[in-house]
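The values are calculated or read from the model by the stated rules, or taken from the named source; none is laboratory data. No experiment lies behind these values; they were computed from the predicted model shown. Note that we place each Cβ from the backbone using ideal geometry, even for glycine, and neighbour counts take in every protein chain shown.
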Amino acid sequence: MAPGLSRDLDRHPHLPDPPASPRTIHTYRRTSLMSQLKQQIQSDLAEARKARDKTRTECLSMTLSEVRNREIEIGGELDDDGVQQVVTKAVKQRRDSASQMRDGGREELAEKEEREVEILEAYLPAQLDDDEVRAIIRGIVEAGADQIGPLMGQLMPKIRGRFDGKRAQALVREALGS
């Protein structure tokens with residue numbers, strides 16, 4: 001530092017004072033960037049812990065862990081759509097697990113997986129039914145899409161998180177007559 005200058009004079013007057021500690025910075029960034037859906041899941045997890053609801057606590061903890069893992073993969077915070085994709089994937093995995101458990105004669109474990117599906121579906125938008133998806137497919141076909149690839153490319157962004165992709169593909173094949 002040059003003689004006669006203090007550290008206070010080196011600061012720029014138009015910049016805000018820095019937060020008190022690194023922890024404050026982390027907390028500030030975290031709350032300003034965190035998706036509302038992730039905040040809701042965290043809030044519901046706290047309530048489940050207070051209520052000592054073991055199934056709900058385990059399910060929401062695992063889901064938040066999956067969200068954090070995804071955030072690590074992408075190197076940043078997820079927005080609501082990203083969190084929704086993680087929840088959708090978790091629901092799909094649990095449905096598949098329930099089916100496998102039931103096939104293996106483990107009814108009690110299948111029921112546990114299905115309870116977790118019910119818990120997680122509360123964080124997803126209302127699901128579409130087959131007729132609604134067929135109407136969307138008709139609109140895309142009328143607009144000129146006549147092959148599976150392009151049709152699915154236009155359909156999936158419209159139904160993502162609200163309808164199963166495999167089922168959508170079956171409806172597209174049905175609509176195209178293939």
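Some notes on this structure:
- Failed item in (1) of a type outside the set (Phe, Trp, Tyr); (2) over 25 Å from the mean Cα position of the chain (by Cα); (3) part of a helix (DSSP H, G or I), with GLU132 passing the rest: (2)
- Meets criteria (touching a residue at least 60 places away in the same chain (Cβ under 8 Å) and either in a helix (DSSP H, G or I) or closer than 22 Å to VAL86 by Cβ (or both)) for GLU116: yes
- In region 119-155, residue surrounded by the fewest Cβ atoms within 10 Å (Cβ to Cβ) [restricted to those that are aliphatic (A, V, I, L, M) and within 30 Å of ARG56 (Cα to Cα)]: ALA126
- Summed over region 156-166, the residues that are without any contact (Cβ under 8 Å) to a residue 40 or more places away in the chain and surrounded by 12 or more Cβ atoms within 10 Å (Cβ to Cβ) give a count of 6.
- Every residue from region 44-57 that is touching a residue at least 12 places away in the same chain (Cβ under 8 Å) and out of contact with any Ser or Thr (no Cβ under 9 Å at 6 or more places or on another chain): ASP44, THR55, ARG56, THR57
- On the stretch given as region 38-60, residues that are part of a helix (DSSP H, G or I) and farther than 16 Å from ALA122 by Cβ total 3.
- Every residue from region 71-102 that is of a type in the set (Gly, Ala, Ser) and not in a helix (DSSP H, G or I): GLY75, GLY76
- Any hit, region 100-122, residues being among the polar types (S, T, N, Q) and assigned by TED's automatic domain parsing to the domain that holds ASP53: yes
- Listed by first and then second residue, the pairs linking a residue in region 100-113 that is among the acidic types (Asp, Glu) to a residue that is assigned to a helix (DSSP H, G or I), with Cβ atoms under 8 Å apart and 6 or more places separating them unless they lie on different chains, are GLU107/MET101; GLU111/ALA98; GLU113/ARG94; GLU113/ARG95; GLU113/SER97; GLU113/ALA98; GLU113/MET101.
- Filter result for ASP164 (of a type in the set (Asp, Glu) and over 26 Å from GLN93 (Cβ atoms)): no
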